[in-house]
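In what follows, a single structure is set out as structure tokens and then discussed.
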Amino acid sequence: MRRKVQALLASLAIGVLPLTADAATLADGCRQWPAWESFARRFISPGGRVIDLGSADSRTTSEGQAYGLFFALVAGDREGFARILQWTEDNLAGGDLTARLPAWLWGRGGDGEWGVLDANAAADADLWLAYALAEAGRLWQVPRYGALAEILGDRILREESADLPGLGRMLLPGPRGFHPGPGLWRLNPSYLPVQALRRLAGLYPDSAWKRLVPSAVDLIVRSAPRGLAPDWVAYQADGGFRADIETAAIGSYNAIRVYLWAGMLAPDDPARPVLLKTLAPMAALTAAQGTPPRETRTRDGSAAGVGPAGFSGALLPFLAAGQHQDTLRIQRLRLEASALLERSDNYYDQVLTLFGRGWLEGRYRFGRDGTLQLARCAPG
């Protein structure tokens, strides 16, 4: 029996074992996740605030809170999940997530007081928040979480999506500030994890969520003419996609998540082949220089600089899905050599690595319909 368990764990380690969706029967203690426990000790306060210790003022973002919820769910950490959710509601949503989207930025203001620094919402955080709540409600059988997810989903559609001529229904980066002129929008491809969109579309089939899925795939493909995703892109109703004025068609800290989300798609997701094929040049650039580039110039296909170790973590699922085995091996070794998880000044690097390594280790998968699938405990 011990040999069978060892073989099972070996299969999980290279991310090839099909995982079951029936995770509700798992005992939470069976899914110990040392990397998550280390992250929680370093970056999450006892009250549930996810702290970006690498920022100048140790700020908190709604993105960090949403990612924290997702990781707590994967780890089976119900108490941690509840604390993170409560802090988010109390401090980013004025005490009521049923009444408003959470503010994206919280920290110390110029007057020395702690509080909301920017009340605008961030759609990527809101999407992951709704997704984590929906799946926690299903897996843990907590109706409150499912109800919150549906309320947030409705509000996201009302306040953070719009019908764009020639593109369709699109998730905007936030309620305000991303429609700078007539027929012009600023969009962010990394805000569009297809698996999360699919899950909400399946949960709420009579809503506009199902219309967001094809337009998201269309945006990712069409905004990467050289196969490299930009951080931000401009969309003109009568001219299609063009370089974003503020970021000049560069792909870096935002765009690295596009490859991460694509790599984690289910093998039978219809969008997976086209996204892996479209984005394959990132694998080639990483193989050529031995590390992911720090930034890519998405209009001419060139690259510059050495990306941080967290970029290697983010690319693990993408490289595995594309069968880039040698490049995958090197990036895994780079992570080990960097001792990334022993530091406290690299919140974002560790978030990317928790996503990437957690997936590669078989701790979770996404089903074709976007459902979260958690590994069963190995038999003893």
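You will find that of 257, 294, 272, the residue that is crowded, with 19+ Cβ neighbours inside 10 Å, in contact (Cβ under 8 Å) with a residue 40 or more places away in the chain and over 19 Å from residue 187 (Cβ atoms) is 272 and no other. Could you tell me whether the stretch 80-89 includes any residue that is open to solvent by 70 Å² or more (accessible area, probe 1.4 Å), modelled with pLDDT under 95, part of a helix (DSSP H, G or I) and over 30 Å from residue 324 (Cβ atoms)? Scanning the stretch 80-89, I find no residue that is open to solvent by 70 Å² or more (accessible area, probe 1.4 Å), modelled with pLDDT under 95, part of a helix (DSSP H, G or I) and over 30 Å from residue 324 (Cβ atoms), so the answer is no.
Kindly provide the set of residues from the stretch 32-49 that are in contact with a Lys or Arg (Cβ under 7 Å, 6 or more places away or on another chain), open to solvent by less than 40 Å² (accessible area, probe 1.4 Å) and within 14 Å of residue 92 (Cα to Cα), ordered by number. Correct list: 48 only. Being touching a helix residue (DSSP H, G or I) at 6+ places or on another chain (Cβ under 6 Å) and surrounded by 23 or more Cβ atoms within 10 Å (Cβ to Cβ) is the filter; apply it to the stretch 50-64 and report the residue that is farthest from residue 88 (Cα to Cα). Filtering first and then ranking leaves 50. Taking the listed residues 283, 303, the one that is in contact with a helix residue (DSSP H, G or I) (Cβ under 7 Å, 6 or more places away or on another chain), in a strand (DSSP E or B) and either closer than 25 Å to residue 353 by Cα or small (Gly, Ala, Ser) (or both) is 303, with no other qualifying.
Within the stretch 315-323, can one find any residue that is more than 16 Å from residue 263 (Cα to Cα), open to solvent by 20 Å² or more (accessible area, probe 1.4 Å) and modelled with pLDDT of 95 or more? No: zero hits.
Is it true that residue 226 is touching a residue at least 40 places away in the same chain (Cβ under 8 Å) and more than 30 Å from residue 139 (Cβ to Cβ)? It is true that residue 226 is touching a residue at least 40 places away in the same chain (Cβ under 8 Å) and more than 30 Å from residue 139 (Cβ to Cβ).
The values are calculated or read from the model by the stated rules, or taken from the named source; none is laboratory data. Quick caveat, the model's predicted, so the values are computed rather than measured. Neighbour counts are summed over all protein chains in view; Cβ atoms, including those assigned to glycine, are modelled from backbone coordinates with ideal geometry. Surface accessibility is based on the protein's heavy atoms, side chains included, excluding ligands, DNA and RNA. Shrake-Rupley method; radii C 1.70, N 1.55, O 1.52, S 1.80 Å.
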